[in-house]
1. Are any residues in region 1-58 among the charged types (D, E, K, R) and within 16 Å of the ligand (Cβ to nearest atom), and if so, which ones?
2. Take residues that are under 24 Å from Thr8 (Cβ atoms), modelled with pLDDT of 95 or more and touching a helix residue (DSSP H, G or I) at 6+ places or on another chain (Cβ under 7 Å) and tell me which of the helices (runs of 4 or more DSSP H) falling wholly in region 64-151 contain 2 or more.
3. So which residues in region 243-263 are more than 17 Å from Gly186 (Cβ to Cβ) and within 16 Å of the ligand (Cβ to nearest atom)?
4. Being in contact (Cβ under 8 Å) with a residue 12 or more places away in the chain and touching a Cys at 6+ places or on another chain (Cβ under 9 Å) is true for just one of Leu241, Leu184, Leu203. Which residue is that?
5. Looking at region 272-286, is at least one residue in contact with an Asp or Glu (Cβ under 8 Å, 6 or more places away or on another chain), more than 22 Å from Val40 (Cβ to Cβ), modelled with pLDDT of 95 or more and in a helix (DSSP H, G or I)?
6. For region 9-61, which positions are over 13 Å from the mean Cα position of the chain (by Cα), outside any helix (DSSP H, G or I), in contact (Cβ under 8 Å) with a residue 24 or more places away in the chain and over 26 Å from Gln106 (Cα atoms)?
7. Filter region 191-226 for residues that are farther than 23 Å from Thr72 by Cβ and acidic (Asp, Glu); which is surrounded by the fewest Cβ atoms within 10 Å (Cβ to Cβ)?
8. Considering only region 90-112, I want to know if a residue exists there that is within 16 Å of the ligand (Cβ to nearest atom), closer than 27 Å to Trp262 by Cα and touching a residue at least 60 places away in the same chain (Cβ under 8 Å).
Amino acid sequence: MKWGVIATWRMALDGIKKAALMLDQDGSIFDSLQQVITEVEDCPDYTSVGYGALPNEKGIIELDAAFMDGTTLSFGAVSGVINFKNPVKIARKLMDERFNTFLAGQGAQEYAQINGFEEKNMMTDCSYNIWQKKLLEKKEVLKPYDGHDTVGTAGVDTSSRMAAATSTSGLFMKKTGRIGDSPLPGCGLYSDSSIGSATATGLGEDIMKGCICYETVRLMEYGLSPQDAAQKAVEQFNKKLMDRRGQAGDISVVCMNKDAKWGAATNTGHFSFVTATYSEKPTVYIASFRDGKQIILPATEEWIRNNKE
Ligand code: ASP
């Protein structure tokens, strides 16, 4: 039976390895995607997700996460969550609700407390020091992509169930209450088991203008291969932003269809992602957009050793 999983950034490699074993033994797509994300959330070395993530401008780590079930189209999300260990688990639980499925800040924390989710101070010495250093630099304008990266993952299990999930601390030094694309359906993630799933990373303020994940899934529905769908969604929207606004933030998308075929596209010079399927062992790829072309190559062992995020 076919199964597959894909995730943004090299930091997802350990989680993808575990998820691949689970899916190969007929594990559920929900448990497998949760495994990919919690592996990253729990590791203090990744400064853009979960424990040890980067704070907002006031020095508070506000986390966003989401989960989507491609079969029922149930969606759960949290944003601006403070001091909870695994925001993605809270988002997953919210998929069970009929109402109030997307909770922000205090409301999300109350829900997490009532439902017994583990609380934790998510600040590490490292994330505190990076924040302090940034304050001293007294940068007036924050450069886009100056310290942010979402782990987003999507896939299909041997029962043909698809899902997608995300987790991030969003933009480093963001304003209190800022929400990016990652917890928004259609923007940071989308899943439809009859077609495919997609997830994005990059500058949330621009990704959400194009509902890029919904667009990628929609293009697969109209017959495009996952690779062509990701490419068309990213490149057309990048062009639209350039034409209308004269600038486009970083946008990268990974996707998978119901047959476990994957695709990836970026408007950046360097975007890593990881995939594993019934016919491909866990592999890290690097995508780059150069001279109007998407170039996707497997990362070398040396690159994987030297680059953790
Ligand atoms: N898209 C995320 C956000 O804007 C950050 C990222 O993926 O790098 O919050």
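1. Here is the first cut: in region 1-58, the ones among the charged types (D, E, K, R) are 2, 10, 14, 17-18, 24, 26, 31, 39, 41-42, 45, 57-58.
Arg10, Glu41, Glu57, listed by residue number.
2. Values: elements: 87-94, 105-114, 125-137.
The qualifying helices (runs of 4 or more DSSP H) are 87-94.
3. Result: Gln247, Ala248, Gly249, Asp250.
4. Working: Leu241 fails: touching a Cys at 6+ places or on another chain (Cβ under 9 Å); Leu203 fails: touching a Cys at 6+ places or on another chain (Cβ under 9 Å).
Residue meeting the stated conditions: Leu184.
5. To start, the set of residues in region 272-286 that are in contact with an Asp or Glu (Cβ under 8 Å, 6 or more places away or on another chain) comprises 278.
Adding the requirement that they be more than 22 Å from Val40 (Cβ to Cβ) leaves 278.
The next check asks that each one be modelled with pLDDT of 95 or more; those that pass are 278.
Now drop any that are not in a helix (DSSP H, G or I), which leaves none.
Scanning region 272-286, I find no residue that is in contact with an Asp or Glu (Cβ under 8 Å, 6 or more places away or on another chain), more than 22 Å from Val40 (Cβ to Cβ), modelled with pLDDT of 95 or more and in a helix (DSSP H, G or I), so the answer is no.
6. Those that are over 13 Å from the mean Cα position of the chain (by Cα), outside any helix (DSSP H, G or I), in contact (Cβ under 8 Å) with a residue 24 or more places away in the chain and over 26 Å from Gln106 (Cα atoms): Asp26, Gly27, Ser28, Asp45.
7. The residue in question is Glu205.
8. Checked against the condition, which is being within 16 Å of the ligand (Cβ to nearest atom), closer than 27 Å to Trp262 by Cα and touching a residue at least 60 places away in the same chain (Cβ under 8 Å), region 90-112 yields at least one hit.
The values are calculated or read from the model by the stated rules, or taken from the named source; none is laboratory data. Quantities reported herein were computed from a predicted structural model and do not represent experimental measurements. With ideal geometry, Cβ positions are generated from the backbone for all residues, glycine too; neighbour counts draw on all protein chains shown.
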